[in-house]
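Every number here is computed from the coordinates shown, using simple stated rules; none is lab data. Bear in mind that the values here come from a model prediction, so they are computed numbers and not experimental data. Cβ coordinates were reconstructed from backbone atoms using ideal geometry, including for glycine residues, and neighbour counts include every protein chain displayed.
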Amino acid sequence: MLTSDIVVKCAKLNGNGNDFIVIDNRSSRWTASELSRISRSLCRRREALGADGILVMESSSRLHFGMRLFNSDGSEGEMCGNGARCIARYAFEMGIAPREIAFETLAGDVKACVDPPMVALIMPEVDLSQVILDEALEVVGLKLRYSFVAVGVPHVVVFLDDLSKRTMEELTRLGREIRYRMDLFPQGTNVDFVALEGEGLCCITYERGVEAITSSCGTGSVASAIISHLLGKSGEKTDVRNPGGINTVSLSFLEKGRVLPALAGKTTFVAQLEVFEEALADTP
């Protein structure tokens, strides 16, 4: 019987289309290298479950749990806004944590409030002292202006007046070129292409680790809202439309050049799943 070959029990969730496989590893069954392999295996679209990454729940001595993120290429990321919303929804629905949740990430502690299907986060503080605003950048023959902010993970924000006219292929190519400008961004970077849209923003993100444009990016929405506000383009609260839906970002500016971002948006609990050994067999 196939049931003897079940190696992973997990769930599939998405935050405005940014999709994840959630694995409970509070028993420390899997090491980091094993989780990297599992992510590379299970995130393959058409061949396995398909996802932008896996979210790993681990035990915490201080808070309800800890969260780790492994991208679809197996690399580990420090933080993921939509992922944090999804793992909070999972913890609440599975009875692991109450409606109001606090958990650890590599980027700092996160607080969440779950009101299905919506999840709102208070994310770690962002240090604005290293922000780069409106600098020149030439890539693939194009002269652009870019800004940079680290919101747990690095983000380049590029405002494009003609964003609506750009194809996804164009943005993917441009995003990949900027993502690998190691002379400017030694750790690589996520790239957010942004345009003003009414009183809000439109944001399309090329994600490091996924190496593609995703349907939504929570940290990208936060980064875009911070940069937009610093450039005088939007207020302290703004709706950021991603291809997969709207993330609402609220910014609370603190003393000593720091900002506390809040992120809210929709989540979808898609399925609970059992994965067989065959799904992992071909991944080194």
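Quick rundown of the values:
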item: Residue-wise HN-Hα coupling along region 103-119, computed from phi with Karplus coefficients 6.51, -1.76, 1.60 (Hz; x: Gly, Pro); result: 8, 8, 9, 5, 8, x, 6, 10, 10, 9, 10, 9, 9, x, x, 8, 9
item: Structure-based [θ]222 nm, the chain - -39500 (n - 2.57) summed over DSSP H runs of at least 4, per residue, nearest 500; result: -5500 deg cm²/dmol
item: Region 267-278 - phi-based ³J(HN,Hα) in whole Hz, Karplus 6.51/-1.76/1.60, Gly and Pro as x; result: 10, 10, 8, 8, 6, 9, 9, 10, 9, 9, 4, 4
item: Packing-based order for 129-139, 268-278, using average beta carbon neighbours within 10 Å, highest first; result: 268-278, 129-139
item: For Leu144, distant residues with modelled amide H under 5 Å away; result: Leu137, Glu138, Val139
item: Fluctuation leader among Met118, Met94, Met57 - the chain, Gaussian network, Cα springs under 10 angstrom; result: Met94
item: Cut-off 11 Å between beta-carbons: net charge of the residues surrounding Pro124, Lys and Arg +1, Asp and Glu -1; result: -3
item: Distant-in-sequence amide H partners of Val7 (H built 1.01 Å from N, under 5 Å); result: Val275, Phe276, Glu277
item: Fluctuation leader among Met123, Met79, Met182 - the chain, Gaussian network, Cα springs under 10 angstrom; result: Met182
item: For region 52-63, 3J(HN,Hα) per residue [Karplus equation, 6.51 cos²θ - 1.76 cosθ + 1.60, θ = phi - 60°, Hz, x = Gly/Pro]; result: 7, x, 10, 9, 10, 8, 10, 6, 9, 7, 9, 10
